[in-house]
Amino acid sequence: MKNFDSDGYGFLLKFARKTKGQPFPAEAVTMAAETAGIVSSDRRHWGRVFVQAARDGYIARCDTPFRRVMGNGTLTLGWVAI
């Protein structure tokens, strides 16, 4: 199993680059990372990873809403690589 703290940020950046500017939901990153062995003790830890990537200028919120798979189907705005 990989280390969430050292591998989560890099995984998010690679995921975003692969989307080629297409909006994506945060949960898609979370589930893909778990499949790759990057797991946190609490999925909410991904929030800080997304915030840091946005501050660093790699991703931004977009206007595309996504239905949350892990959030009882509520809508949330997606992300896009910049």
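Nothing in this text is a laboratory measurement; each read-out follows from the coordinates by a stated rule. Note that this is a predicted model, so its numbers are computed, not measured. Positions of Cβ are generated from backbone atoms using ideal geometry, with glycine treated the same way; all protein chains shown enter the neighbour counts.
Below, the figures for the structure above:
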item	result
Spin-label model distance (nm) - residue 34 vs residue 76, 7 Å beyond Cα toward Cβ	1.3
Cα-Cα P(r), the stretch 2-81, percent of pairs per 5 Å interval	3, 16, 28, 27, 19, 6, 0
Contour excess over end-to-end distance, with Cα ends at residue 63 and residue 22 and 0.36 nm allotted per residue	13.6 nm
Kyte-Doolittle mean at least -1.0, axial Cα span of 20 Å or more - DSSP H helices of the chain	4-18
For residue 59, distant residues with modelled amide H under 5 Å away	54, 82
Interchain or long-range residues, amide H under 5 Å from residue 64's placed H	78
Signed unit charges on C-beta, dipole axis of the chain, positive-most listed residue 31, 9, 58	58
Cβ charges +1 (Lys, Arg) and -1 (Asp, Glu), total dipole of the chain, debye	160
